[in-house]
Amino acid sequence: MNRKEHWETVYTKNKDTEVGWYQADPETSFNLIEKVTPGRGSVIDVGGGTSRLPEKLLDHGYREITVLDISAAAVAKAKARLAQRAEHIQWIVSDITEVEDLGAFDTWHDRAVFHFLTDPLDRKHYAELAARTVPRGGHLIMGVFTLDAPPRCSGLDVCRYDASMLAAEFSPAFRSLEETSHLHITPGGKPQHYIYLTFERL
Ligand SMILES: C[S@@+](CC[C@H](N)C(=O)[O-])C[C@H]1O[C@@H](n2cnc3c(N)ncnc32)[C@H](O)[C@@H]1O
């Protein structure tokens, strides 16, 4: 099964409240985004899936929100949940490792997507695209599994990071500003440690 088929199957076969990464309130992501975009700039959530982040951003006055995901099923579910509010969001179904141009966004957010990129060439493409997309002074917020998190997620191998390893992936275009730890408890009760790094585009 290729990457796209994998994620389409995940979102077709599971309720979005039952997947391991489900959060009723994506407050760590939101707080980090709000910290760097007090003026409510444009935000892209890369691999947003069925996250509740877009409605939280809408609730707090953000109006330039884009959600990108490889899975059409995830995007369809998120749109259905948001109903009419979905019209205020731009939705993109694409594999981030194949996208060449996204335009410009003040803030790029990724929770639990980059860590699935086990091929260095995919990570290079991702980092170069982020550098093309986020203008100088803009921000990148990356949430990934830490070194003591599980080695697999959703049945796929992941790369795990500490702060310096993650910072190296985005250097020299981005400078790491802040490190935030987050303990996620899956709907099945399993602990997963995440590290979030907030970067500034230099
Ligand atoms: C673990 S889930 C996290 C979803 C969401 N960020 C959240 O925090 O709830 C990983 C997400 O990344 C998406 N994804 C995986 N690989 C991707 C890729 N290469 N391009 C775009 N999206 C991808 C999946 O469809 C899935 O929605």
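The values are calculated or read from the model by the stated rules, or taken from the named source; none is laboratory data. Quick caveat, the model's predicted, so the values are computed rather than measured. In this analysis, Cβ positions are derived from the backbone assuming ideal geometry, glycine residues included, and neighbour counts consider all displayed protein chains. Ligands, DNA and RNA are excluded from the accessible area calculation, which covers all protein heavy atoms including side chains. Shrake-Rupley method; radii C 1.70, N 1.55, O 1.52, S 1.80 Å.
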Estimated vicinal HN-Hα couplings, Hz - the stretch 139-146 in sequence order (Karplus 6.51, -1.76, 1.60; Gly, Pro = x):
9, 10, 10, 10, x, 9, 5, 7
Provide the gained length on full extension for the span His88 to Thr186, in nm with one decimal, where the gain is 0.36 nm per separating residue minus the Cα-Cα distance.
32.3 nm
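Would you mind telling me the share, in percent, of accessible area of the chain contributed by carbon and sulfur at probe 1.4 angstrom? List each step's numbers first, then the result.
Details: 4730 of 9290 Å².
Carbon and sulfur atoms account for 51 percent of the accessible area of the chain.
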Counting helices only, and only those DSSP H runs with n ≥ 4, report the 222 nm mean residue ellipticity of the chain as the sum of -39,500 (n - 2.57) divided by its residues, in deg cm²/dmol to the nearest 500.
-9000 deg cm²/dmol
At 1.4 Å probe size, with no ligands or nucleic acids counted, give the accessible surface of Glu5 in Å², nearest ten.
90
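For a test of the definition: using alpha carbon positions, the gyration tensor, and the 1.5 limit on a/c, classify the stretch 1-131 as rounded, prolate or oblate.
Numbers: a/c = 1.62, a/b = 1.11, b/c = 1.46.
It is oblate, given that a/c is not under 1.5 and a/b is not larger than b/c.
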Additional length obtainable on full extension of the chain from His193 to Glu179, 0.36 nm per residue less Cα span:
3.7 nm
Per residue, how much accessible surface does the chain expose to a 1.4 Å probe? Answer in Å², no decimals.
46
Residues of the stretch 1-42 with backbone N under 11 Å of the label point set 7 Å from the Cα of Glu98 along Cα→Cβ are 3-5
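Once you have the Cα-Cα distance between His60 and Arg136, take 0.36 nm times their residue separation minus that, and quote the gain in nm to one decimal.
Details: separation 76, 0.36 × 76 = 27.36 nm, distance 2.46 nm.
Value of the extension gain: 24.9 nm.
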Step through the table entries Lys15/Lys79; Lys124/Lys190; Lys4/Lys190; Lys15/Lys77, compare each Cα-Cα distance with 21 Å, and write down the pairs that go over it.
Lys124/Lys190; Lys4/Lys190
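Once R0 is set to 35 Å, what does the formula 1/(1 + (r/R0)^6) return for the Cβ-Cβ distance between Met165 and Thr12, expressed as a FRET efficiency to the nearest 0.05? Show your work: numbers first, answer last.
Numbers: r = 33 Å, r/R0 = 0.96.
The pair Met165/Thr12 has a calculated efficiency of 0.55.
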Which whole-Hz couplings ³J(HN,Hα) result when phi for each residue of the stretch 70-80 is put into the Karplus expression 6.51 cos²θ - 1.76 cosθ + 1.60, θ = phi - 60°, listed in order with x for Gly and Pro?
5, 9, 5, 5, 5, 5, 4, 5, 5, 5, 4
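Counting Lys +1, Arg +1, Asp -1, Glu -1, what net charge surrounds Glu100 among other residues with beta carbon under 11 Å of its beta carbon? Mind showing how you got there, number by number?
On the way: positive: Arg132; negative: Glu98, Asp101, Glu128.
Charge balance near Glu100 sits at -2.
Would you list Lys124, Lys13 from the most to the least accessible area, probe 1.4 Å? Write down the numbers at each step before the final one.
Details: Lys124 110, Lys13 160 Å².
Listed by decreasing accessible area, they come as Lys13, Lys124.
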